[in-house]
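Trainee: Here it is, the structure, as structure tokens.
The values are calculated or read from the model by the stated rules, or taken from the named source; none is laboratory data. All figures in this text were calculated on a predicted structure; none of them were measured in a lab. With ideal geometry, Cβ positions are generated from the backbone for all residues, glycine too; neighbour counts draw on all protein chains shown.
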Amino acid sequence: MGIIKRILKITLTVMLTITIVFLLTYLSIVLPFSPYYINWEEPVPIYDKNRPIYIVEEVLIREYLENKIIFMQYDNIPEQLINAFIAAEDNRFFKHRGFDIKGILRALTVNVKKRDIVQGGSTISQQLARNLFLNHEQTVQRKLLELVIAIELERRFTKEEILEMYLNQIYFGNGNYGIERAALKYFNTSTPNLTLEQGAMLAAIIKAPNLYNPIVNPQLAIEQQQIVLRQMTVMGFISEEVLTATD
């Protein structure tokens, strides 16, 4: 039985990989980037105004972000805060190149069992692509564009740059975009001063900012925070002793 399951899993992985490659190739021909006015420059930090990258209606990404955030450089973001977001959103972030076949298969399996879309399988890179360039429409075209842009982001930027962009634009509820505004709003402190528990709480919020809002639903937020902390333990970011101390 175990052998059959492994063969089935390998077969599904190969079929899914072939399908994604085919769809991405087709999309690159039929739906080029031009409808979205994306002007890809050389691989430089996305916040450099001298080498702009454009999004819909030719709005500079930097200007788009600066209207909403207090920018926080990657080097000033605590390592355990970054680990919390990786554990919560994309535990294979440093292993994939934009999309994660294992994550897609896992989400597909869960959704089939639940008979509902309860997991999306989107990587951090895909989320960044969607939030900066696209919208949240549940269409095949939008999802494929998200994959293409995520792969291009991975090609042009380092993992650290992608995480920096992601953490500076993600929505945390209550009108707060970016990690620094969220830190100030919920904990009255700056990002470099966030504790492990506070970082896990912020990583928990973004799953559903309205539902896991610690101001409106503190108990639900704490429960989700503990899920993030347990996942950090599974991934080896924190020890069992540290996890116990956070209860």
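Trainee: Within the range 69-78, can one find any residue that is among the charged types (D, E, K, R), over 19 Å from MET201 (Cβ atoms), at pLDDT 70 or above and not in a loop (DSSP other than H, G, I, E, B)?
Mentor: Yes, the range 69-78 has at least one match.
Trainee: Here is a follow-up. Filter the range 193-236 down to residues that are under 22 Å from GLY175 (Cβ atoms), in a loop (DSSP other than H, G, I, E, B) and not polar (S, T, N, Q), then give me how many there are.
Mentor: Residues that pass the stated criteria total 10.
Trainee: Now for a different question. I'd like to verify a number: residues in the range 79-102 that are modelled with pLDDT under 90, in a helix (DSSP H, G or I) and of a type outside the set (A, V, I, L, M, F, W, C), how many?
Mentor: 1
Trainee: Specify the residue that is surrounded by the most Cβ atoms within 10 Å (Cβ to Cβ); the eligible residues are those in the range 237-247 that are of a type outside the set (Val, Ile, Thr) and part of a helix (DSSP H, G or I).
Mentor: Going through the qualifying residues, I end up with LEU243.
Trainee: From the list LEU196, LEU202, exactly one residue is at pLDDT 95 or above and buried (at least 24 other Cβ atoms within 10 Å of the Cβ). Which is it?
Mentor: Within the list LEU196, LEU202, the selection yields LEU202.
Trainee: Filter the range 185-219 for residues that are charged (D, E, K, R) and farther than 21 Å from ALA87 by Cβ and give the result.
Mentor: Passing the criteria: only LYS185.
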